[in-house]
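Scroll down for the structure; my scribbles are underneath it.
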Amino acid sequence: MAKIAFIGKERILRALTYLGTAVFQVTTPQEAEAKLQELVEDQEQSYGIVYIEEPLAEPLLERIAQLNRRPLPVISIFPSTGEKKGLSGQILNNLVRKVTGVEIRFD
């Protein structure tokens, strides 16, 4: 069974360990990229989904798009409680628009 991983710098991520997810706390986009690469290269391919906190993922968008051309793991972005840039909402909106033709409004 595939695991779920979160890469971020928020302490709130620790609560996710109680749900059975793997949590990797990093502080810079470079550390996030290194951890992401480590999880992608996992020989057992045990991670099905890897979430990266929005401020850490922003500089890695091209790399994330490249990795998402592979079947697994799926790389996604989750919003930060501190630095909200709307990036995760834009990505979700683009996906919904592509699939349904409908635009979502985030206020």
Of the candidates 72, 61, 39, 67, the one satisfying the condition of being more than 18 Å from residue 4 (Cα to Cα), among the aliphatic types (A, V, I, L, M) and either at pLDDT 90 or above or under 15 Å from the mean Cα position of the chain (by Cα) (or both) is 61
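Residues are listed down the side, and each one gets a yes or a no for (1) surrounded by fewer than 17 Cβ atoms within 10 Å (Cβ to Cβ); (2) of a type in the set (Lys, Arg):
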site: 1; (1), (2): yes, no
site: 14; (1), (2): yes, yes
site: 36; (1), (2): no, no
site: 42; (1), (2): yes, no
Could you tell me whether the stretch 32-53 includes any residue that is closer than 11 Å to residue 8 by Cα and of a type in the set (Phe, Trp, Tyr)?
-> yes
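Step by step: first the residues of the stretch 16-34, then only those that are of a type in the set (A, V, I, L, M, F, W, C) and surrounded by fewer than 15 Cβ atoms within 10 Å (Cβ to Cβ), then the one that is farthest from residue 77 (Cα to Cα). Which residue is that?
Taking the stretch 16-34 as the starting set, the residues that turn out to be of a type in the set (A, V, I, L, M, F, W, C) are 16, 19, 22-24, 26, 32, 34.
Add one more test, that the residue is surrounded by fewer than 15 Cβ atoms within 10 Å (Cβ to Cβ), and what stays is 19, 34.
Details: 19: 18, 34: 16 Å.
Among residues in the stretch 16-34 that are of a type in the set (A, V, I, L, M, F, W, C) and surrounded by fewer than 15 Cβ atoms within 10 Å (Cβ to Cβ), the one farthest from residue 77 (Cα to Cα) is 19.
The values are calculated or read from the model by the stated rules, or taken from the named source; none is laboratory data. No experiment lies behind these values; they were computed from the predicted model shown. Quick reminder, even Gly has a Cβ in these numbers, built from the backbone with ideal geometry, and neighbours come from all protein chains shown.
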